[in-house]
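Note sheet for the following structure.
The values are calculated or read from the model by the stated rules, or taken from the named source; none is laboratory data. Predicted model, so just to flag it, every value in this text is computed and none were measured. With ideal geometry, Cβ positions are generated from the backbone for all residues, glycine too; neighbour counts draw on all protein chains shown. The accessibility values were calculated without ligands, DNA or RNA, using every heavy atom of the protein model including side chains. Shrake-Rupley method; radii C 1.70, N 1.55, O 1.52, S 1.80 Å.
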Amino acid sequence: MSAPKGTASGSKPPFWLGGGVHGCLFQIAFNTPATSPAHPIDQTKYRMQVLQSRTTMLATLYKFALRDGIPSLWSGLSASILRQSTYSTARFGLYNFLSRKLQQQSGSAKASTASTIVCAGVAGGLAGMVGNPTEVVLVRMCADGAKPPAERFGYSNGVSALYRIWKDEGIRVFGRGLTANIVRSVLMITHHNLHRYAAAKRTLLSRTGLQDDIRTHALASLFAGTVATTACAPADVLKSRIQSAAKGSTSQLMQVVREGLRTEGPAFLMKGWTPAWLRLTPHTVLTFVFMEKLQELVQLSTSPAPIRATV
């Protein structure tokens, strides 16, 4: 009897393929001071989002590096690894799980566009809820240097920050910015990590002479990353401002929106776009190239694997 579609042996792909291993390894390998500029760019994005100025990315990066020293650009790295290991694990794992279940119930070899978007939206929303506490920590640690000394949180690392928030401010603070984070996560996963990537890949394979190889994966990821950066920018800015607010400060979504529009105009919703694109796009390319190779290693077939496009 032939093995069921999905793997050569008929076994299901492991949940960790959805994000845990690739997420942690990517952060450790690429988000360290010795190997990549990814974290300083991410940190600069958060600082630009919370500052009420129109300083460019390079000017912001230079300003804080000159004031606090180059090593300070990697403050918040532990929170970035912590966030990646929770949010990304849930995001990819839930999407692949839900997509496989829908395909099994429908009996079709290929998920429809509508079902793909639904799975991506649900997975993104749930992942946003799971990762919100670590998101609060990440935003606060990265944005700390942009605040006056009296307003800084001064967390030493991601784990310590989680404990201090729970002890000093209460567990409810872990839910700060949850609405904006869920919206961002849904947009991110539907426009970037899964649906848009798969759609771009299908288009490249069907309308060009490209093969299903690393070049096609990189081009599809580049497109997906650009779309995701633009679609997610407003929710990302609002999330950062809400989560970085100190106790007693404005932390309600509509208050943040009104204040930003009043003092800075609509353009404030796109703050940090450049560093967000520079950080997200290489991450997107590396993530999907790695994911494709992982799928090959566990011998997944192209038809039931949610992110492997078929023509």
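Which one is least open to solvent (accessible area, probe 1.4 Å), of the residues in region 245-294 that are among the charged types (D, E, K, R) and more than 22 Å from D144 (Cβ to Cβ)? Steps first, please.
At the first step, the residues of region 245-294 found to be among the charged types (D, E, K, R) are 247, 258-259, 262, 264, 271, 279, 292-293.
Checking which are more than 22 Å from D144 (Cβ to Cβ) leaves us with 258, 262, 292-293.
Details: R258: 141, R262: 169, E292: 0, K293: 83 Å².
Ranking the candidates gives E292 first.
Can you work out which of the residues in region 72-81 that are open to solvent by 40 Å² or more (accessible area, probe 1.4 Å) and assigned to a helix (DSSP H, G or I) is nearest to C119 (Cα to Cα)? Write out each step before concluding.
In the first step, residues of region 72-81 are kept if they are open to solvent by 40 Å² or more (accessible area, probe 1.4 Å); the result is 74-75, 78, 81.
Subsequent filtering for residues that are assigned to a helix (DSSP H, G or I) retains 74, 78, 81.
Details: W74: 35, S78: 30, I81: 25 Å.
Top of the filtered list is I81.
Within region 207-244, work out how many residues are of a type in the set (G, A, S) and surrounded by fewer than 20 Cβ atoms within 10 Å (Cβ to Cβ).
3
Looking only at region 224-248, which residues are more than 12 Å from Q49 (Cα to Cα) and part of a helix (DSSP H, G or I)?
A224, G225, T226, V227, A228, T229, T230, A231, C232
Quick check on my filter: what residues within region 71-127 are more than 21 Å from K201 (Cβ to Cβ), within 22 Å of the chain's Cα centre (by Cα) and charged (D, E, K, R)?
Selection gives R83 alone.
When G170 is evaluated against the numbered criteria (1) open to solvent by less than 60 Å² (accessible area, probe 1.4 Å); (2) at pLDDT 85 or above; (3) touching a Leu at 6+ places or on another chain (Cβ under 8 Å), which criterion, by number, is the only one it fails?
(3) is the only condition that G170 fails.
Based on what the data block shows, is R184 surrounded by fewer than 24 Cβ atoms within 10 Å (Cβ to Cβ), among the charged types (D, E, K, R) and not in a loop (DSSP other than H, G, I, E, B)?
no
Looking at S80, S115 in this structure, which one is free of Cβ contacts under 8 Å to residues at least 40 places away in the same chain and either of a type in the set (F, W, Y) or closer than 25 Å to F288 by Cβ (or both)?
None of the other options fit; the residue is S115.
Filter region 41-71 for residues that are part of a helix (DSSP H, G or I), β-branched (V, I, T) and farther than 16 Å from P234 by Cα; which is most open to solvent (accessible area, probe 1.4 Å)? Can you show your working first?
At the first step, the residues of region 41-71 found to be part of a helix (DSSP H, G or I) are 41-50, 57-68, 70-71.
Subset that is β-branched (V, I, T): 41, 44, 50, 60, 70.
Still in the list and also farther than 16 Å from P234 by Cα: 41, 44, 60, 70.
Values: I41: 36, T44: 5, T60: 4, I70: 108 Å².
Only one residue tops the list, namely I70.
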